[in-house]
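Readers should treat all values here as calculations from the given coordinates under stated rules, not as data from a laboratory. Predicted model, so just to flag it, every value in this text is computed and none were measured. Methodologically, a virtual Cβ is constructed for each residue, glycine included, from the backbone with ideal geometry; neighbour enumeration extends over all protein chains shown.
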Amino acid sequence: MSSPTVDWWTSDESGTEGLRERKKRLTRQRLTDTATAMFLERGFDAVRVAEIAAACGVSEKTVFNYFPSKEALVLDLPEATMAALRTRLARADRTPAEAVLDTLAGELDALLSWLAAQPDLAEASARVRDFTAMILSTPSLRAHHRDMTEHLVTVASEALAARTGRADDDPLCQIAATALLGLWRVQFSALRRSLDGKRTPEQVRHAVTADVRSAARLIDGGLAGFGTGPG
């Protein structure tokens, strides 16, 4: 996006972020903002990491210190995201579907807060649509997105196994985790449909949340009794 992208994962909710952590977070955000703007302007495959580094005034090695691959500059999965998913799935007072809904709601809030702060809603919505279109049209980004999803499925499967007393490789945990992670795809698709530049952020929230919750109810029904443990 030509203006700063949304800092999806790295906000410090505890308020204890130190100077070093803040500097690293801002550098990381500058790198991904610059890379995303260049990718959208020229195409993902046409931009070299060395060019992104030069535009940010850092070395190519510095870029790879923050991001393991070029694709991660667009799509990243920090440990904080995985830790939050583990924590929420471990909560006995929430069903697995509710735990994932909590995580998705946080992501949606971050995007819509960014959208509401933009001076031109239609232009900002178009940038988000361009961003998602770039991901869908670039084979290496689609592959990276699949890898991220598979990693999250593993994290969720292990958390569900711990929750129910099953083995980490229990097929029921793997199936349940795959179904739950499918809610991310539902939210992604709902956002693409809803960000038409005409709906307000609150209208987008209502439409997206309705779709995701509808899918979650279906999954919740399928997982009824899953938490009783093996046997």
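Dipole check for segment 79-228: with +1 at the C-beta of Lys and Arg, -1 at the C-beta of Asp and Glu, and the Cα centre as origin, the magnitude is about 340 Debye. In the chain, taking the dipole from charged Cβ atoms about the Cα centre, the farthest positive-side position among M82, G106, T164 is held by G106. Rounded to 0.05, the FRET efficiency of the R48 and D130 pair, given R0 = 22 Å and the Cβ-Cβ distance, is 0.60. Computed packing ranks the peptides 59-67, 124-132 as 124-132, 59-67, most packed first, by mean other Cβ atoms within 10 Å. If you run the Gaussian network model on the chain, springs between alpha carbon atoms under 10 Å, then out of P119, P139, P201 the most flexible one is P119.
Among T103, T209, T87, the order by Cβ neighbours within 10 angstrom, fewest to most, reads T87, T209, T103. Bridging of K23 to lysines at a Cα separation below 26 Å is possible for K61, K70, once same-chain residues fewer than 8 apart are set aside.
Rounded to the nearest 20, the Cβ-based charge dipole of segment 37-102 about its Cα centre (Lys and Arg +1, Asp and Glu -1) stands at 140 debye. Segment 174-195 to segment 99-114: how many Å between their Cα centroids? Segment 174-195 and segment 99-114 have Cα centres spaced 13 Å from each other. Here Cα extents along the principal axes in Å was calculated from the structure, and among [x] 67, 47, 45; [y] 50, 45, 31; [z] 58, 41, 38 it sits at label [z]. Each Lys or Arg adds one and each Asp or Glu takes one away; over the other residues whose Cβ falls under 15 Å from the Cβ of D93, this sums to +1. Placing dummy labels 7 Å off each Cα toward the beta-carbon, the span from T27 to D93 is 4.0 nm. Taking E107, E158, E41 in turn, the Gaussian network model of the chain (Cα-Cα springs below 10 Å) assigns the largest fluctuation to E41. Listed values for segment 126-137 are Karplus-derived 3J(HN,Hα) couplings in whole Hz (6.51 cos²θ - 1.76 cosθ + 1.60, θ = phi - 60°), namely 5, 5, 5, 5, 4, 5, 5, 5, 4, 4, 5, 9, and x replaces Gly and Pro.
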